[in-house]
Amino acid sequence: MVSFVMSPMKVMSMSMMVIGTVLSVSSEELVGVWLGMELNLYGFLVVMNPDGHYIPEPCVKYFVVQSTGSILMLGGFVLLMQQFVVSGLMMSVIGTVLKSGISPLHSWVPSTIKNSSWLASGLMLTWQKVAPLVLLSMIMPLSGMWLVIGLMAMIGALGGLNQNSVRVMSAYSSFVHTSWMLLGLTWSSVVFVSYFLVYSMSVGLFFYGCSLMNKLSMSSQLSGAASGMGLLMLMGMPPFLGFLAKVLVFLMTSSSVIVLCIVGSVISLKYYIDFFYSMVMKSLTDKSKSGVKSMWMLVIIMNLMGGVVILVSFL
């Protein structure tokens, strides 16, 4: 991480990612939205393979998918400017759906995540979704949005079952969480931002702990605590913060599609619990027992923090 911060090229790439997303979200012109996404894309390609140590396949696949989505979006924007509303809107929606990696154009996400670095995978599941999701909530009809939300919840829940790769499991998990974020975004941008921050924190902690596997044992105190905390938040079980984010979306929406989101979250608990169980069992076999101590401290602290936050939110 220090080398990443010290490299001017990598710092510039991260800056382009942030500026591109902010430009897309804040722009009032369609061309500005497209330009911001292109800046974000060029910056992220460097982040995906900063030193040339990783497999180039995910970089090429991500570039091809994003470029195809950008072409469709730009073509749709041009048609909208020429008053061809139906065809222009259709092309724009298809391009945005492809770029955001949501159903039914989601199949490229798990394979790309699987071979990417932990940093690139985490950014792909969090920050890279912001601009496409915001744009999609503006241009997609509400009926189409309900369909996408329901499909994402079911595909993410069922697709993650029996997955051996942590990254692939996280990709399918992101589909379930994306359905919640889209549902919150259709009603309130504040709820979307709140859910996105909690989800990004969860993914960041989980991936950070998993990235330490090459340096430390997963049952070590640092990696076990980070991974366990992130995983418990991703589960969305009470009284953790992930549950609070879901409660906020549940209270804001009045659509029946929330039932599919809840069912998807319940099904996804299966592979969350499987991975958490393997973490606990590995910590129990650790001779130093540091993993056991960190896991117990983690559960106590998160219960206290989550319980306090939930109580305060209802006061």
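Where a number appears in this text, it was derived from the coordinates with a stated rule and is not lab data. Remember, it's a predicted structure, so these values are computed and weren't measured experimentally. Because the Cβ atoms are built from the backbone with ideal geometry, glycine has one as well, and the counts that use them run over all protein chains shown.
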### Length-normalised contact order for the range 29-97 - Cα pairs under 8 Å, 6+ apart - percent
29
### Task
Compute the FRET efficiency between residue 274 and residue 87 as 1/(1 + (r/R0)^6), taking r as their Cβ-Cβ distance and R0 = 41 Å, and round to the nearest 0.05.
0.35
### Message
If I model a spin label at residue 7 and residue 190 as a point 7 Å from the Cα along the Cα→Cβ vector, what separation in nanometres do I get?
### Response
4.1
### Task
Give, as a single signed number, the net charge of other residues whose beta carbon lies under 13 Å from the beta carbon of residue 180, with Lys and Arg counted +1 and Asp and Glu -1.
+2
### Task
Grab the beta carbon distance between residue 252 and residue 29, set R0 = 25 Å, and tell me the FRET efficiency rounded to 0.05.
0.25
## Note on the structure
Put in order of increasing Cβ neighbours within 10 Å, starting from the fewest, 29, 38 give 29, 38
### Message
At a 10 angstrom cut-off on C-beta neighbours, averaged per residue, how do the peptides 74-84, 99-109 rank from highest to lowest?
### Response
99-109, 74-84
### Task
With label points built 7 Å along Cα→Cβ from the Cα atoms of residue 111 and residue 197, find their separation and express it in nm.
3.8
